[in-house]
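The values are calculated or read from the model by the stated rules, or taken from the named source; none is laboratory data. Quick caveat: nothing in here was measured; it's all calculated off a predicted structure. Cβ placement follows ideal geometry from the backbone for every residue including glycine, while neighbour counts extend to all protein chains displayed. Remember, those area values only see protein heavy atoms, side chains included, never the ligands or the DNA or RNA. Shrake-Rupley method; radii C 1.70, N 1.55, O 1.52, S 1.80 Å.
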Amino acid sequence: MRILLTGHKGFIGRHCFNYLKEYYDIVGIDKTEHPYINLCGDISGILEDVDIVIHMAAKTFVDHSIKDPDCFVRNNIFASFNLLEQARKYPVKKFILISTDEVYGSINKGFHKESDVLDPGNPYSATKAAVDMLARSYLKTYKIPIIILRPENNYGAFQHKQKAIPNWINKALNDEYLILYGDGQHKRMWLRVEDFCEAVRVVIEKGEVGQIYNVGGAQEEMNIDIAKSILRILDKPEGLIKFIPDEIARPGHDRRYGIDTTKINNLGWEPKKSLKDLKEVVDWYKENKWWFK
């Protein structure tokens, strides 16, 4: 079974590529630092002799999308369209699209199910939701074997330093302020990247074409509690936490994300890591400070 994974040099893509190559014949597409640029160009024949596509390449980070939405719209949506068009010419057994829980928008109580209406709250999540809808249309119109995965916040080694957990670790190591938006009580669910890699493998083997699977570790925490945990692990004072108003840092900041993972749990997948193991991740960044450079 030959698999094509787009964006294999990104944070999640890097981990998935290394994990899945132990099981499958896998090739990664990521010729530049920014994989989405490649996919917007001429990709004729990219799916020739490919059995499964895992489309992971995307421009991410909400803050950047707020400042430059045009870049996200052009790159995320058109790149995915380009790849879907190739799937029309070179039929594959499965086209696995990696989306995000952010497409549902904020939810104050309870958990979003895969059938819930999408209500993205920022340009980044809006482009991801658009790609979800585009892929679903290709499933219905052209019978492209689409499967969509919507994971919650991934974390782990080799993550870009702009992301919350590595950013806070880096700041703490340098005795700099850990910046939290709003009151710091925005809630997120967190998933160790290694567990997500296994979820992808389970979907390759057992996922049903046409289905959407939420992927999460049921680890819901407020941002301020994650920041405090990092400071505690590194024996740093909580006085290093600094707050910036949402309207300045992130307009339209979603208050809480929450997803129901029953469907993928029924395939036999369960996360093995939890935030109780956060010290493992903190220690990796502490021992690999070169990564921040």
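What pairs come out if I take residues in the stretch 157-170 that are of a type in the set (G, A, S) and pair them with residues that are assigned to a loop (DSSP other than H, G, I, E, B) whose C-beta lies under 9 Å away, six or more apart or interchain?
From residues that are of a type in the set (G, A, S), the pairs are A157/N288.
Check N167, N108 and return the single one that is modelled with pLDDT of 95 or more and closer than 28 Å to K273 by Cβ. Write out each step before concluding.
On the way: N108 fails: modelled with pLDDT of 95 or more.
One residue alone meets the criteria, N167.
I need a count of the residues in the stretch 61-70 that are open to solvent by less than 60 Å² (accessible area, probe 1.4 Å) and under 19 Å from S99 (Cβ atoms).
The first filter runs over the stretch 61-70 and keeps only residues open to solvent by less than 60 Å² (accessible area, probe 1.4 Å), leaving 61-63, 65-66, 69.
Those left that are additionally under 19 Å from S99 (Cβ atoms): 61-62, 65, 69.
Total satisfying the criteria: 4.
Which of the residues belonging to the stretch 238-293 are of a type in the set (V, I, T), under 20 Å from the mean Cα position of the chain (by Cα) and under 24 Å from E176 (Cβ atoms)? It would help to see each step written out before you state the result.
Taking the stretch 238-293 first, the residues of a type in the set (V, I, T) are 241, 244, 248, 259, 261-262, 264, 281-282.
Subset that is under 20 Å from the mean Cα position of the chain (by Cα): 259, 261-262, 264, 281-282.
Of everything in the stretch 238-293, those that are of a type in the set (V, I, T), under 20 Å from the mean Cα position of the chain (by Cα) and under 24 Å from E176 (Cβ atoms) turn out to be V281, V282.
Consider only pairs whose beta carbons are under 9 Å apart and that are at least six residues apart or on different chains; among these, list those whose first residue lies in the stretch 15-29 and is within 15 Å of L4 (Cβ to Cβ) and without any contact (Cβ under 8 Å) to a residue 40 or more places away in the chain and whose second residue is assigned to a strand (DSSP E or B) and among the hydroxyl-bearing types (S, T, Y).
Hits for this filter: G28/T6; I29/T6.
For the stretch 262-279, name all the residues that are within 15 Å of I212 (Cβ to Cβ) and in contact with a helix residue (DSSP H, G or I) (Cβ under 9 Å, 6 or more places away or on another chain).
Narrowing the stretch 262-279 to residues within 15 Å of I212 (Cβ to Cβ): 262-267, 269.
Of everything in the stretch 262-279, those that are within 15 Å of I212 (Cβ to Cβ) and in contact with a helix residue (DSSP H, G or I) (Cβ under 9 Å, 6 or more places away or on another chain) turn out to be I264, L267, W269.
Here are L97, L84, L139: which of them is part of a helix (DSSP H, G or I), within 25 Å of I29 (Cα to Cα) and open to solvent by less than 10 Å² (accessible area, probe 1.4 Å)? Outline the logic, then answer.
Working: L97 fails: part of a helix (DSSP H, G or I); L139 fails: open to solvent by less than 10 Å² (accessible area, probe 1.4 Å).
When all the criteria are applied, what remains is L84.
Could you please let me know if A218 is at pLDDT below 95, of a type in the set (A, V, I, L, M) and at positive phi?
Numbers: at pLDDT below 95: yes; of a type in the set (A, V, I, L, M): yes; at positive phi: yes.
Considered against the rule, which asks whether it is at pLDDT below 95, of a type in the set (A, V, I, L, M) and at positive phi, A218 comes out as yes.
Out of (1) in contact with a Pro (Cβ under 9 Å, 6 or more places away or on another chain); (2) closer than 23 Å to Y19 by Cα, the odd one out for K206 is which?
(1)
Restricting to the stretch 125-139, name every residue that is farther than 21 Å from N108 by Cβ and touching a residue at least 24 places away in the same chain (Cβ under 8 Å). So that I can check it myself, show each step before the final result.
Initial filter on the stretch 125-139 (farther than 21 Å from N108 by Cβ): 127-128, 130-139.
Listed by number, the residues that qualify are T127, K128, A130, V131, D132, L134, A135, Y138, L139.
Out of all the residues in the stretch 143-167, which are under 15 Å from D63 (Cβ atoms) and touching a strand residue (DSSP E or B) at 6+ places or on another chain (Cβ under 7 Å)?
N153
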